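Reading through the structure tokens given below for one structure.
Every number in this text was worked out from the coordinates using simple rules, so none of it is lab data. Keep in mind the model is a prediction, meaning the values are calculated, not measured. Using ideal geometry, Cβ is built from the backbone for each residue, glycine included, and neighbour counts are taken over all protein chains shown.
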Amino acid sequence: IILSHRHPDFDALASMVAARRLNPEAIIVLEEITEVAVRAFLALAKEHIPFERVKNIELSRVKEIILVDTNDLERALGNKERVQKLSGAKLRIIDHHPYQGPKSENLTIEPVGACTTLLVEEIINRGLEISNIDATIMALGIYDDTGSLLFENTTPRDLKASAYLLEQGARLSILAD
């Protein structure tokens, strides 16, 4: 399954979409979508972003978790009981927020403006094709977390990922809306 923090913003949503392109067998699991803009976007793009709710997933049967845009599994699931049910699953973390915990090979945390950037870089490295809709969703994640590439946390890597997404057909008019 692919998880992110509850109350996902556009970077969390876009990171989940990018993670699914990298792991097509994985299921996006979304919970507590409270941001009005994210909820409205999902209503419009629901056929392009298939997802499940936690209550529909048999957590004890999950073999692998891909956690994006957070490094805290409890923050993604909301309670320790759910986390305990996933104790047998392999955990991969992809995040861009500061982290002081133990390092591991299943942990990718790098200082970029948006988590989506890290996943877009992997898509590029693997030579995967993405649709213009996916490119738009991923660009939305980068633009949202970097203030349209104007925040101080924006890196050259965010710009390169954004340029790639524009080359893949990301629609700036949708980002502007």
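The angle separating the long axis of helix 36-45 from the principal Cα axis of greatest extent in the chain is about 80 degrees. Mind pulling the angle between the C-alpha long axis of helix 10-22 and the longest principal axis of the chain? Nearest 10 degrees, somewhere in 0 to 90. Once rounded, one gets 80 degrees.
For the chain, find the longest principal axis of its Cα atoms and tell me its angle to the long axis of helix 132-145, 0 to 90°, nearest 10. The angle comes out near 80 degrees. The count of lysine pairs in the chain with alpha-carbon distances below 27 Å, taking only pairs 8 or more places apart or on different chains, stands at 15. Each principal axis of the Cα cloud of segment 1-84 was evaluated for its coordinate range; sorted largest first, these ranges are 34, 25, 22 Å. Once you sort the root eigenvalues of the Cα gyration tensor of segment 108-155 as a ≥ b ≥ c, which label holds: rounded (a/c under 1.5), prolate (a/b larger than b/c) or oblate (the other case)? Oblate.
With semi-axes defined as the square roots of five times the eigenvalues of the C-alpha gyration tensor, the equivalent ellipsoid of segment 96-177 measures 23, 16, 9 Å, largest first.
The share of alpha-carbon pairs in segment 65-125 lying farther apart than 14 Å comes to 59%.
Tell me the Kirkwood radius of the chain: reciprocal of the mean inverse pair distance over distinct alpha-carbon atoms, in Å.
Details: mean 1/r = 0.0617 Å⁻¹.
Roughly 16.2 Å, rounded to one decimal.
I want the local charge near residue 118. Using Cβ-Cβ distances under 14 Å, sum +1 for each Lys or Arg and -1 for each Asp or Glu among the other residues. Taking every Cβ under 14 Å from that of residue 118, the sum is -3.
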